[in-house]
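**Q** Below are the C-alpha coordinates for one structure; questions will follow.
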Amino acid sequence: MDTPEGARLRFELYGRAVIEVERRDGRWVASYVGEGRRRPAEDVRLPPEAPADSLADHLDVLFHEYARPGTSVRRLR
(Lines give C-alpha, C1' and ligand atoms only; values in the text may rest on other atoms or scores of the structure.)
Protein backbone atom coordinates (compact mmCIF):
# COMPACT_ATOMS: atom_id res chain seq x y z
CA MET A 1 0.00 0.00 0.00
CA ASP A 2 1.36 3.40 -0.97
CA THR A 3 1.51 6.10 1.67
CA PRO A 4 0.08 9.42 0.46
CA GLU A 5 2.29 12.48 0.16
CA GLY A 6 2.15 14.59 3.30
CA ALA A 7 1.32 11.65 5.57
CA ARG A 8 2.90 12.18 9.00
CA LEU A 9 3.65 9.50 11.57
CA ARG A 10 5.09 9.99 15.06
CA PHE A 11 7.18 7.47 16.93
CA GLU A 12 8.44 7.39 20.49
CA LEU A 13 11.95 5.99 20.68
CA TYR A 14 12.29 3.94 23.85
CA GLY A 15 10.69 6.68 25.96
CA ARG A 16 13.63 8.98 25.27
CA ALA A 17 12.83 10.90 22.07
CA VAL A 18 10.03 11.50 19.59
CA ILE A 19 10.51 11.47 15.83
CA GLU A 20 8.00 12.54 13.22
CA VAL A 21 8.33 10.97 9.78
CA GLU A 22 6.66 12.62 6.79
CA ARG A 23 6.18 11.34 3.27
CA ARG A 24 7.57 14.05 0.97
CA ASP A 25 8.53 13.81 -2.72
CA GLY A 26 8.38 10.01 -2.64
CA ARG A 27 10.70 9.66 0.35
CA TRP A 28 10.58 9.67 4.14
CA VAL A 29 11.79 12.84 5.89
CA ALA A 30 12.35 12.68 9.65
CA SER A 31 12.30 15.42 12.30
CA TYR A 32 13.01 15.35 16.02
CA VAL A 33 10.03 16.72 17.96
CA GLY A 34 9.92 18.09 21.49
CA GLU A 35 8.62 20.91 23.70
CA GLY A 36 6.84 22.70 20.85
CA ARG A 37 9.89 22.56 18.60
CA ARG A 38 11.04 20.45 15.74
CA ARG A 39 14.38 20.08 13.97
CA PRO A 40 15.43 18.06 10.95
CA ALA A 41 16.74 14.60 11.79
CA GLU A 42 19.40 14.64 9.08
CA ASP A 43 21.09 11.61 10.66
CA VAL A 44 17.97 9.46 10.10
CA ARG A 45 17.89 7.73 6.72
CA LEU A 46 14.88 5.61 5.92
CA PRO A 47 14.46 3.63 2.68
CA PRO A 48 12.14 5.59 0.38
CA GLU A 49 10.36 2.39 -0.63
CA ALA A 50 9.68 1.34 2.99
CA PRO A 51 5.97 0.98 3.76
CA ALA A 52 4.62 2.98 6.70
CA ASP A 53 4.01 -0.16 8.74
CA SER A 54 7.73 -1.05 8.66
CA LEU A 55 9.08 2.32 9.86
CA ALA A 56 9.11 1.32 13.54
CA ASP A 57 11.37 -1.62 12.64
CA HIS A 58 13.75 0.65 10.73
CA LEU A 59 13.85 3.13 13.62
CA ASP A 60 14.52 0.26 16.03
CA VAL A 61 17.62 -0.68 14.04
CA LEU A 62 18.83 2.94 13.94
CA PHE A 63 18.20 3.73 17.62
CA HIS A 64 18.71 0.39 19.37
CA GLU A 65 21.33 1.98 21.64
CA TYR A 66 18.47 3.91 23.35
CA ALA A 67 16.83 0.63 24.39
CA ARG A 68 16.31 -0.21 28.03
CA PRO A 69 14.38 -3.11 29.51
CA GLY A 70 10.66 -2.65 29.02
CA THR A 71 10.98 0.04 26.32
CA SER A 72 10.50 -0.08 22.57
CA VAL A 73 9.89 2.00 19.48
CA ARG A 74 6.18 2.66 19.31
CA ARG A 75 3.92 4.58 16.99
CA LEU A 76 2.02 7.47 18.56
CA ARG A 77 -1.52 8.58 17.65
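**Q** Just give me the residues in the range 5-17 being under 15 Å from L55 (Cα atoms) and either small (G, A, S) or open to solvent by 40 Å² or more (accessible area, probe 1.4 Å) (or both), in sequence order.
**A** Just the residues of the range 5-17 that are under 15 Å from L55 (Cα atoms), to begin with: 7-14.
Across the range 5-17, the qualifying residues are A7, R8, R10, E12.
**Q** Would you be able to tell me the number of residues in the range 22-53 that are β-branched (V, I, T) and free of Cβ contacts under 8 Å to residues at least 24 places away in the same chain? I'd like the intermediate steps shown before the answer.
**A** Of the residues in the range 22-53, the ones β-branched (V, I, T) are 29, 33, 44.
Retained after the next criterion (residues that are free of Cβ contacts under 8 Å to residues at least 24 places away in the same chain): 29, 33.
Summing the residues that are β-branched (V, I, T) and free of Cβ contacts under 8 Å to residues at least 24 places away in the same chain in the range 22-53 gives 2.
**Q** Every residue in the range 18-47 that is among the acidic types (D, E) and either surrounded by 13 or more Cβ atoms within 10 Å (Cβ to Cβ) or within 14 Å of L76 (Cβ to Cβ) (or both), please.
**A** Going through the range 18-47, the residues among the acidic types (D, E) turn out to be 20, 22, 25, 35, 42-43.
Those that are among the acidic types (D, E) and either surrounded by 13 or more Cβ atoms within 10 Å (Cβ to Cβ) or within 14 Å of L76 (Cβ to Cβ) (or both): E20, E22.
**Q** I need the full set of residues from the range 48-69 which are within 15 Å of L9 (Cα to Cα), surrounded by fewer than 16 Cβ atoms within 10 Å (Cβ to Cβ) and not hydrophobic (A, V, I, L, M, F, W, C), in order please.
**A** P48, P51, D53, S54, D57 - these are the residues of the range 48-69 that are within 15 Å of L9 (Cα to Cα), surrounded by fewer than 16 Cβ atoms within 10 Å (Cβ to Cβ) and not hydrophobic (A, V, I, L, M, F, W, C).
Per-residue answers, yes or no, for (1) assigned to a strand (DSSP E or B); (2) at pLDDT below 95:
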residue: M1; (1), (2): no, yes
residue: E5; (1), (2): no, yes
residue: L9; (1), (2): yes, no
residue: V29; (1), (2): yes, no
residue: Y32; (1), (2): yes, no
residue: P47; (1), (2): no, no
residue: L55; (1), (2): no, no
residue: H58; (1), (2): no, no
residue: V61; (1), (2): no, no
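**Q** Taking the range 1-21, which residues are free of Cβ contacts under 8 Å to residues at least 24 places away in the same chain, over 19 Å from D60 (Cβ atoms) and of a type outside the set (G, A, S)? Even if it seems obvious, please write down each step before you answer.
**A** Residues of the range 1-21 that are free of Cβ contacts under 8 Å to residues at least 24 places away in the same chain, as a first pass: 2, 4-6, 8, 20.
Filter once more, keeping what is over 19 Å from D60 (Cβ atoms): 2, 4-6, 8.
Those that are free of Cβ contacts under 8 Å to residues at least 24 places away in the same chain, over 19 Å from D60 (Cβ atoms) and of a type outside the set (G, A, S): D2, P4, E5, R8.
**Q** Another question about this same structure. Which of the residues belonging to the range 34-45 are touching a strand residue (DSSP E or B) at 6+ places or on another chain (Cβ under 7 Å) and assigned to a loop (DSSP other than H, G, I, E, B)? Outline the logic, then answer.
**A** Taking the range 34-45 as the starting set, the residues that turn out to be touching a strand residue (DSSP E or B) at 6+ places or on another chain (Cβ under 7 Å) are 34, 38-41, 44.
A41, V44, listed by residue number.
The values are calculated or read from the model by the stated rules, or taken from the named source; none is laboratory data. The shown structure was predicted, so the numbers you read here are calculated from the model rather than taken from an experiment. No Cβ is skipped: glycine too gets one built from the backbone with ideal geometry, and neighbour counts run over all protein chains shown. Surface areas here come from the heavy atoms of the whole protein model, side chains and all, with no ligands, DNA or RNA. Shrake-Rupley method; radii C 1.70, N 1.55, O 1.52, S 1.80 Å.
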